[in-house]
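Quick note: the coordinates plus some simple rules give every number you see, no bench work behind them. Not measured: the values here are computed from a predicted model. Here Cβ is always computed from backbone atoms with ideal geometry, including for glycine, and neighbour counts include all displayed protein chains.
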Amino acid sequence: MRQAMVTALRDEGLITTHRVAAAMNAVPRHDFAPGEPLEKVYQTNTTLVPKIDGQGRQTSVVSASHIQAIQLEQADVGPGMKVLEIGSGGYNAALIAEIVGPTGSVTTVDIDADIVDRARAGLHRAGYEQVNVVLADAEHGVAAYAPYDRIIVTVGAWDIPPAWLDQLTPNGRIVVPLRFAGITRLVAFDRAPGRSVLAASNYRLGSFVPMQGDGAASEQLIPVTPDVGLRLDQDSALTFDVPALRKALHTKPVERWSGTPFDMPDELELYLLTSGPEMPLIHAAQAAIDQGVVNRTVRIGTPTLVRGGTLAYRIKRENPQTVSGYETGVIAHGPDAEQVSGELLAMIRAWAGGYYRRGAAHIIYHPHTGDTSGLTGWHTTKRHGVLAVTWP
Ligand SMILES: C[S@@+](CC[C@H](N)C(=O)[O-])C[C@H]1O[C@@H](n2cnc3c(N)ncnc32)[C@H](O)[C@@H]1O
């Protein structure tokens, strides 16, 4: 089963190196998931042993192996390296221990004592007692074993706290599921040579349980109707004319088509969210979709251009004449629907013309310790720095 999992991850193009394949072939994943059926343990897209809080939210899981493969490949861990894993489960730390070998070292930190205990037990069962398992809030890193060649964050982060940078070697890399503009991307950041900034051009779609402790962040969900809401970063200063938008949602929308192909929605979404005006994501309950108030695209959250009492968001339809077999379009509600849908369509066409299937975004993190006053282009201010995205 372990070999079949590795073969599937290779076939999906997620494992690309021998090192990661060998580690995943070596570590018994089931040792870290007591009580879970073996078939489930060795699927590529299943999370294991979830811990649920009082409100029914997941606070911890052993991540799906496809996410672990992506992050390990992004991290480019090698023999002899010192690695910090943020968020424990034991399995991923064991994979890293396999790769760094006897001359390297692995430290894993978790804020939850139950998870630390379970990770320790799994590492003991599987024979990886050399891993340092630490109970702490990772906002402050783990100074005792620093500096690290790699920091691999396996919990949804909203920012990059100063301790992570202080504890990273000059040529180090941070792999982090970073949340910005309402979305999470698995980003691999390197220090830019001779500069204090972190730069990344390797990013993937992925989601994680949220950070707890000092680095926790929340988002705003602004209800437009009881079933439709607009979601924004917690620090966003955007405001909306909610009564006008509510009225707009109950008027007949304008529907327009771009003539450009729809695929890789996560890339298009990243472009829409980080290349123009700040956009919220529109979300809806199934009832609003069933009643035809919004398109079903909206269910999982879609970037939405809001101008006064008008809003416009992206949709798709089958179209065999495009390379992907689907076409991107726009729905707009409100008095300026023609104009606002045109603005969003222009962005969609710009993406299709210049960035389609290129993975072209450059993501730069500027810590507040440097000068961020001259930044142009799309950027968002976090607690400890400014995150900028450019589309060269
Ligand atoms: C997805 S799980 C980690 C999975 C693990 N890397 C594995 O082997 O698959 C995320 C973990 O992050 C932990 N966590 C959340 N906030 C944290 C914080 N501030 N510091 C350290 N750990 C934190 C949670 O308790 C949870 O166990």
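Take each peptide in 17-26, 90-99, 350-359, count the other Cβ atoms within 10 Å of every residue, and average; sorted highest first, the result is 90-99, 17-26, 350-359. Cβ-to-Cβ counts within 10 Å put ILE52, ILE67, ILE86, ILE222 in ascending order as ILE52, ILE222, ILE67, ILE86, the fewest first.
Considering only the other residues whose Cβ falls under 11 Å of the Cβ of THR17, what net charge follows from Lys and Arg at +1 and Asp and Glu at -1? Can you show the working numbers first?
Values: positive: ARG10, ARG19; negative: GLU73, ASP76.
The answer is 0.
Between 0 and 90 degrees, the angle of helix 265-274 with respect to the longest Cα principal axis of the chain falls at about 70 degrees. Could you compute the net charge surrounding ILE86? Neighbours are other residues with a C-beta less than 12 Å from the C-beta of ILE86; K and R count +1, D and E count -1. With Lys, Arg at +1 and Asp, Glu at -1, the neighbours total -3. Extension gain for ARG195-TYR326 works out to 42.9 nm (0.36 nm per residue, less the C-alpha to C-alpha distance). The alpha carbon radius of gyration of the chain, expressed as a multiple of 2.2 N^0.38 Å, is 1.04. Considering only beta bridges that DSSP places wholly inside the chain, some 75 percent are antiparallel.
Could you compute the FRET efficiency for MET1 and THR380, with r as their C-beta to C-beta distance and R0 at 35 Å, rounded to 0.05? Plugging the Cβ-Cβ distance into 1/(1 + (r/R0)^6) gives 0.25.
Here LYS82 is the anchor, and no lysines lie within straight C-alpha reach of less than 23 Å, apart from those fewer than 8 places off in the same chain.
Taking a ≥ b ≥ c as the square roots of the Cα gyration tensor eigenvalues, with a/c under 1.5 meaning rounded and otherwise prolate when a/b beats b/c, else oblate, which class fits the range 1-141?
Working: a/c = 1.59, a/b = 1.12, b/c = 1.42.
It comes out oblate by the Cα gyration axes.
Taking Cα atoms only, the orientation of helix 113-126 departs from the longest principal axis of the chain by about 50 degrees.
Measuring between their Cα centroids, the range 1-48 and the range 116-175 lie 22 Å from each other. Name the residue, out of ALA69, ALA332, ALA288, whose mean-square fluctuation peaks in a Gaussian network model built on the chain with Cα pairs under 10 Å. Of ALA69, ALA332, ALA288, the most mobile in the Gaussian network model is ALA288.
What is the distance in Å between the Cα centroid of the range 262-332 and that of the range 334-382? So the separation of the two Cα centres works out to 16 Å. When only Cα pairs below 8 angstrom with a gap of at least 6 residues are kept, the chain shows a relative contact order of 11 percent.
Work out the P(r) tail for the range 136-230: percent of alpha carbon pairs separated by more than 18 Å, whole number. Looking at the range 136-230, the distances longer than 18 Å represent 51 percent of pairs. Counting every other Cβ atom within 10 Å of each residue's Cβ, HIS250, HIS333 order from fewest to most as HIS250, HIS333. Helices in the chain, meaning DSSP H runs of at least 4 residues, each add -39500 (n - 2.57). Divided by all residues, the mean residue ellipticity at 222 nm is -7500 deg cm²/dmol. Run the simple label-point estimate for THR251 and ASP137 please: 7 Å along Cα→C-beta, distance reported in nm. About 4.8 nm, to one decimal.
Taking neighbour Cβ counts within 10 Å as the exposure measure, how do TRP378, TRP158 sort from fewest upward? Show your work: numbers first, answer last.
Working: TRP378 18, TRP158 23.
Going from least to most buried by this count: TRP378, TRP158.
State whether the range 163-216 is rounded, prolate or oblate according to the following rule on the C-alpha gyration tensor (a ≥ b ≥ c being the square roots of its eigenvalues): a/c under 1.5 gives rounded; otherwise a/b larger than b/c gives prolate, and the remaining case gives oblate.
Working: a/c = 2.42, a/b = 1.43, b/c = 1.69.
The shape class here is oblate.
Taking the C-alpha atoms only, the angle from helix 65-75 to the longest principal axis of the chain is near 80 degrees. The overall shape of the range 219-354 is prolate: from the C-alpha gyration tensor, with semi-axes ordered a ≥ b ≥ c, the ratio a/c is 1.5 or greater and a/b exceeds b/c.
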